[in-house]
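Enquirer: Sharing a structure here in structure tokens format.
We did not get these values from a lab; they are worked out from the coordinates using the rules stated. From a predicted model like this one, the values you see are computed outputs, not experimental measurements. All Cβ positions, glycine included, derive from the backbone under ideal geometry; neighbour counts span all protein chains shown.
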Amino acid sequence: MSMGIGVIGAGWIGQEHIRRLTERVVGANVVAVTDIDAERAKKVASDVDARALGTGQEVIDDPAVEAVVVTSWGPTHAEYVLAAIAAGKPVFCEKPLATTAEDCLRIVEAEQAHGRRLVQVGFMRRYDAGYRQLKQVIDSGGIGTPLLMHCAHRNPTVPEGYHSAMAAQDTAIHEIDTVRWLLEDEIVSAQVITPRSTSNKYDHLTDPQFMLFEMAGGARIDLEVFVNCQYGYDIRCETVGETGSVSLPDPAQVWLRSAGQVRTEVYQDWKDRFADAFDVELTEWVRAIHDDGEPTGPSAWDGYAASVISDATVESLHTGRVVNTQLKDRPDFYG
Ligand code: NAD
Ligand code: ISE
């Protein structure tokens, strides 16, 4: 049987998720779509024979909607996730879970009061084949105890509305989740160092930023966030342990040898680089809800932790100091 999905927010990633829920994910059927741009909602909904509804609350209340996907702007996430929990419906929310740690905590508390997990956050890297291989090697002891991780997150360009704090809140938040998951450890401090900024950027932006994270167990992470690198969308991660190192593979691409040169393509955006990961993410989400009624992926707690750590990172950007993260104790509910 197919699960009825309602989608709130029909922009870039909303349309991507609607397309994959319709064409690639087995057992899902998008039945309702909304967007504050009503024309956009109508067009996107009609493409998949869904109904366009007036508001997010109408989508959540719709009896045909069994699970909700939130892909609207970040500041609207908390309202819709809380409303879905109040309605007792599973909700997949794109990152960030909410734009303040306080709102993330309200979601964590509402979910615990409900008594079962309902929320999954869209940290899709946990579903990328390369990252999963990396985790397998680390978990199996293949490099001994991890000591260091070197990461890079490069975007070719960003729109003018992107500001310096977004390097942590919008971009590095993926690595913040990924390193917590890969090392099964918590980030206890954050620091940002700012090299000379590139001239290929809007004046208000500090870019690149060099971020340093310390794990509770003592491992150290360095992360270059460079969102105007010009040449492509490039994601790197090397973990160094006591007896070896393991690196994230580049996604499978052909190598062309011709005219005395070797050439390969560099992806230009997250849509292509993580296309397979998004497919697996939504497939596993739908299957888990269908089989057990509960999601198994990144939790509301992971969304809360990522928000606290990205806030500490932004504070360091502004103060230049090492900032300790102040996470609440993890409730037993989240394992
Ligand atoms: P977007 O601006 O293209 O789309 C957002 C859509 O939400 C717009 O169509 C807008 O009209 C609509 N919207 C805004 N407020 C609304 C409301 N109250 N109710 C209904 N619709 C509303 O942005 P995007 O790039 O698609 O990003 C959306 C979310 O997805 C953001 O939280 C972003 O961080 C996240 N995202 C995640 C990834 C990833 O790699 N996982 C990539 C891109 C974006
Ligand atoms: C965007 O919102 C994403 O989530 C992308 O994965 C990231 O690379 C980009 O920097 C963000 O703006």
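Enquirer: Hey, what do the phi angles of the stretch 259-266 turn into as Karplus ³J(HN,Hα) couplings, whole Hz, using 6.51/-1.76/1.60 and θ = phi - 60°, x for Gly and Pro?
Expert: Per-residue couplings from phi come out as 6, x, 9, 10, 10, 9, 7, 10 Hz.
Enquirer: Any chance you could check the Cα centroid distance between the stretch 18-48 and the stretch 92-154 for me, in angstrom?
Expert: 26
Enquirer: Work out from phi, with θ = phi - 60° and the Karplus expression 6.51 cos²θ - 1.76 cosθ + 1.60, the ³J(HN,Hα) of each residue of the stretch 289-295, listed in order in whole Hz, and give x for Gly and Pro.
Expert: 5, 5, 7, 10, x, 9, x
Enquirer: Name the most mobile residue of Lys135, Lys89, Lys271, meaning the one with the largest mean-square fluctuation, in a Gaussian network model of the chain with Cα contacts below 10 Å.
Expert: The residue with the greatest mean-square fluctuation here is Lys271.
Enquirer: Right, another one. Averaged over every viewing direction, what's the projected area of the C-alpha convex hull for the stretch 126-268? Give it in nm², one decimal, please.
Expert: Details: hull surface 40.6 nm².
Over every viewing direction, the Cα hull of the stretch 126-268 projects on average to 10.2 nm².
Enquirer: Which one, His290, Met215, Ser197, is farthest towards the positive end of the dipole of the stretch 184-293 when Lys and Arg carry +1 and Asp and Glu -1 on their Cβ?
Expert: The residue sitting farthest along the positive end of the dipole is Ser197.
Enquirer: Give me the extension gain from Gln261 to Ala165: residue separation times 0.36 nm, minus the current Cα-Cα distance, reported in nm with one decimal. List each step's numbers first, then the result.
Expert: Numbers: separation 96, 0.36 × 96 = 34.56 nm, distance 4.00 nm.
Result for the pair: 30.6 nm of gain on full extension.
Enquirer: Could I ask something else about it? Starting from the amide H of Met3, placed 1.01 Å from N in the peptide plane, find each other amide H under 5 Å away whose residue is 5 or more places distant or on another chain.
Expert: The list, which skips near neighbours in sequence, is Ala28, Asn29.
Enquirer: If R₀ is 30 angstrom, what is the calculated FRET efficiency for the pair Asp269 and Trp181, using the beta carbon separation as r and rounding to 0.05? Display every interim value, and only then the final one.
Expert: Numbers: r = 23 Å, r/R0 = 0.76.
Once the sixth-power term is evaluated, E becomes 0.85.
Enquirer: Normalise the Cα radius of gyration of the stretch 13-80 by 2.2 N^0.38 Å (N = residues in it) and let me know the number. Walk me through the intermediate numbers first.
Expert: Numbers: Rg = 11.2 Å, N = 68, 2.2 N^0.38 = 10.9 Å.
Normalised by 2.2 N^0.38 Å, the Cα Rg of the stretch 13-80 equals 1.03.
Enquirer: Rank Ser310, Ser197, Ser140 by mean-square fluctuation in a GNM of the chain with C-alpha springs under 10 angstrom and give only the top-ranked residue.
Expert: Of Ser310, Ser197, Ser140, the Gaussian network model singles out Ser140 as fluctuating most.
Enquirer: Stretch Ser2-Asn324 to full length: gain in nm at 0.36 nm per residue minus the Cα-Cα span?
Expert: Numbers: separation 322, 0.36 × 322 = 115.92 nm, distance 4.58 nm.
Going from the current span to full extension adds 111.3 nm.
Enquirer: Take the Cβ-Cβ distance between Asp222 and Arg19 as r, set R0 to 35 Å, and report the resulting FRET efficiency rounded to the nearest 0.05.
Expert: On the way: r = 36 Å, r/R0 = 1.03.
That gives a FRET efficiency of 0.45.
Enquirer: Here's a follow-up. I'd like the Karplus ³J(HN,Hα) series for the stretch 236-249: coefficients 6.51, -1.76, 1.60, θ = phi - 60°, whole numbers in Hz, and an x wherever there's a Gly or Pro.
Expert: 10, 7, 10, 10, 10, x, 5, 10, x, 9, 9, 10, 5, x
Enquirer: I'd like the distance between the alpha-carbon centres of the stretch 158-193 and the stretch 257-335, rounded to an integer number of Å.
Expert: Distance between centres, Cα-based: 9 Å.
Enquirer: Suppose every K and R has +1 on its Cβ and every D and E has -1 on its Cβ; what is the size of the dipole of the stretch 126-268 about the Cα centre, in Debye to the nearest 20?
Expert: Details: 11 positive and 19 negative charges, 88 e Å.
The calculation lands at about 420 debye.
Enquirer: Arg236 to Lys42: extension gain in nm, 0.36 nm per residue of separation minus the Cα-Cα distance?
Expert: Values: separation 194, 0.36 × 194 = 69.84 nm, distance 3.87 nm.
Once the chain is fully extended between Arg236 and Lys42, it gains 66.0 nm.
Enquirer: Non-local amide H neighbours of Tyr267 (under 5 Å, H modeled in plane, Pro and chain starts lacking H): which ones?
Expert: Distant-sequence amide H within range of Tyr267: Tyr233.
Enquirer: How many lysine pairs in the chain, separated by 8 or more positions in sequence or lying on different chains, have Cα atoms less than 30 Å apart?
Expert: 15
Enquirer: Let me ask you something else. Work out how far the C-alpha atoms of the chain reach from end to end along every principal axis, then list the three figures in whole Å, largest first.
Expert: 56, 53, 44
Enquirer: Still on this structure, please answer the following. Just want the answer: with Cβ charges of +1 for Lys and Arg and -1 for Asp and Glu, which residue in Phe92, Tyr80, Gln57 is farthest toward the dipole's positive end in the chain?
Expert: The Cα lying farthest towards the positive end belongs to Phe92.
Enquirer: Given R₀ = 25 Å, what would the calculated FRET efficiency be for Gln57 paired with Asp332, taking r from the Cβ atoms and rounding to 0.05?
Expert: Values: r = 32 Å, r/R0 = 1.27.
E between Gln57 and Asp332, to the nearest 0.05, is 0.20.
Enquirer: Kirkwood Rh over alpha-carbon pairs of the stretch 98-187, then Stokes-Einstein at 37 °C and 0.692 mPa s: what D in µm² s⁻¹, rounded to an integer? It would help to have the intermediate numbers written out before the result.
Expert: Values: Rh = 15.7 Å.
Using the Kirkwood radius from Cα pairs, D works out to 209 µm²/s.
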